[in-house]
C-alpha cells in the first residue's frame, strides 16, 4: 500500500514539474510573461504589442487619443488618454517585468520595488510603467520625436519621452526648467522664478517676470540699452531698437553723405544748393564734394538772429579812437583798426546750421557770391569791406561735438542776399554747399 501511494505521489510531482516547465517564465503579476523578440514580427501586434529591442521582449504598446475604453477595442482600457491591455481580462498574458496589475485602472503599472530588480530600469514618469533607462547625453537611445530626458533624481539616467517645447520656464512642469538651447523642458531647477536672483546666468534673460515665473530679457525700458535708444516690449519682454534713424553717424556710415534730419524718420540725402547767384565758377569750388566719399554733410542752414554790433561797420570818418566816446555822428570805434566807422544798417547776421563730419569740422568758412569767393579762417573778427558778407565772428559749435552738432557763425550784411556757404573738415575736405536767405532788416 505504501509503495503504491509513494509511486502515485511521485507521478503527480513529475506531472506538476512537467506542467510548470511548459508554462514558461512567470510574469510579475502571473501569466506566461513577455515573449522574447528581435523585431515586431515576433510580437502580437494585433493586441498592440511591439518589440522592445533593448530588452529583447514584446511589450504592450499604447495609442494616444482615447477618451474611453470603447476607443481602444476589446481587451483594452483607456487611461490618461492612452490605450493599454486590460490586465484583469481573462486570458491576459501577464505584465512585463517590473510591472504589476493595478485593479483600479485595470492596466499594468510600475512596481518600484520589482522594477528596481529588473536592471537598468525605473518607473517611467509619463506612462508609470517599468522601462529601461536611456542615456541623456546620447541621441541614439530614442526615436524622434522622443528625447532622452534625465530624471530629477539622477541626471545620468533618463527616459525616452516627447519633450515639452518651451522658450522659458513658464511652459515647464514642476522640477523642470527650459533649456533654451534645446528648445524643450529638462529636469532640474525650479520651474518658476520669484526674483531676479533666480535668473542669474539664464540664457532666456536675467529679469524675473513674477507674474509668469519666467526669466526674461526686460520688464521695463530701464532694463534695455539706453545708449542705443532701446525700449522694452512688455508683450514679448524683449528689448527693441527704435524705428527710423536716430543719429546722423549711423545714417552716414550706412550710406555716405546722408544724415538724420528727424529721429524716427528715414535717412536723408544732403540737400542741393539752389541759390540763384551760384554761377558755374562758384559751383566748381565745391565740385570735389561730388567725388569725395568722406566729406562733411551740412543741412538746416538759416538765419537765427540779427543785431547791431561793432563787428559790422563800414566807411565813416575813420578817425583814430580808443573807445566809442572818441567818435561822433553815431560812429563807433572798431576794435580791429581803432578807427571810427559807421555801423552797417543791416547789422550782424547770426547763421546756424546742423552738420555731421566723420573726422570733425574745422573752424573755417568758404563763401561764394556773385561769381567770386572769399576765404575766411578762424581768428579775429574781420572788417566789412566794400562788398557785403564779411565774416563778423568765427565758426563756433553751439551744441554737440566736432563730429555732429549745431554750429553758428555771423556775417556782416548791408542788404538782403541769398548766399551760399560751404565748410571744411580737419582733413581739408569741403562739405556740400548750402543756401541761406539773408533778409532785409525790418
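The values are calculated or read from the model by the stated rules, or taken from the named source; none is laboratory data. Just so it is clear, the model here is predicted, and its values are computed rather than measured. Here Cβ is always computed from backbone atoms with ideal geometry, including for glycine, and neighbour counts include all displayed protein chains.
When the stretch 101-131 is filtered for residues that are surrounded by fewer than 18 Cβ atoms within 10 Å (Cβ to Cβ) and touching a strand residue (DSSP E or B) at 6+ places or on another chain (Cβ under 8 Å), the ones remaining, listed by number, are 105, 112, 114, 116, 120, 125, 126, 128. Among the residues of the stretch 69-100, the ones that are touching a strand residue (DSSP E or B) at 6+ places or on another chain (Cβ under 9 Å), in a loop (DSSP other than H, G, I, E, B) and either free of Cβ contacts under 8 Å to residues at least 40 places away in the same chain or within 12 Å of residue 129 (Cα to Cα) (or both) come to 11 in all.
I'm trying to understand the selection: among the residues of the stretch 101-114, which are touching a residue at least 60 places away in the same chain (Cβ under 8 Å) and part of a helix (DSSP H, G or I)? First the steps, then the outcome.
First, pick out the residues of the stretch 101-114 that are touching a residue at least 60 places away in the same chain (Cβ under 8 Å): 101, 108, 111, 114.
Correct list: 114 only.
Okay, residues lined up against (1) at pLDDT 70 or above; (2) surrounded by 13 or more Cβ atoms within 10 Å (Cβ to Cβ); (3) in contact with a strand residue (DSSP E or B) (Cβ under 8 Å, 6 or more places away or on another chain):
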residue	(1), (2), (3)
218	yes, yes, yes
226	yes, no, no
241	yes, no, no
292	no, yes, yes
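Just to be sure I understand, how many residues within the stretch 189-223 are in contact (Cβ under 8 Å) with a residue 40 or more places away in the chain and part of a loop (DSSP other than H, G, I, E, B)? Selection size over the stretch 189-223: 2.
Only a single criterion out of (1) surrounded by fewer than 17 Cβ atoms within 10 Å (Cβ to Cβ); (2) at pLDDT 80 or above; (3) more than 30 Å from residue 264 (Cα to Cα) is not satisfied by residue 184, namely (1).
Give me the residue from the stretch 315-327 that is surrounded by 11 or more Cβ atoms within 10 Å (Cβ to Cβ) and in a loop (DSSP other than H, G, I, E, B) and, out of that set, nearest to the chain's Cα centre (by Cα). Step through it out loud before you land on a result.
The initial filter retains those residues of the stretch 315-327 that are surrounded by 11 or more Cβ atoms within 10 Å (Cβ to Cβ), namely 315-321, 324, 326-327.
Among the residues that remain, those that are also in a loop (DSSP other than H, G, I, E, B) are: 315-319, 321, 327.
Values: 315: 66, 316: 69, 317: 72, 318: 70, 319: 72, 321: 69, 327: 70 Å.
Of everything passing the filter in the stretch 315-327, 315 is nearest to the chain's Cα centre (by Cα).
Which residues, counting only those in the stretch 378-437, are modelled with pLDDT under 75 and at positive phi? Residues satisfying the conditions are 379, 389.
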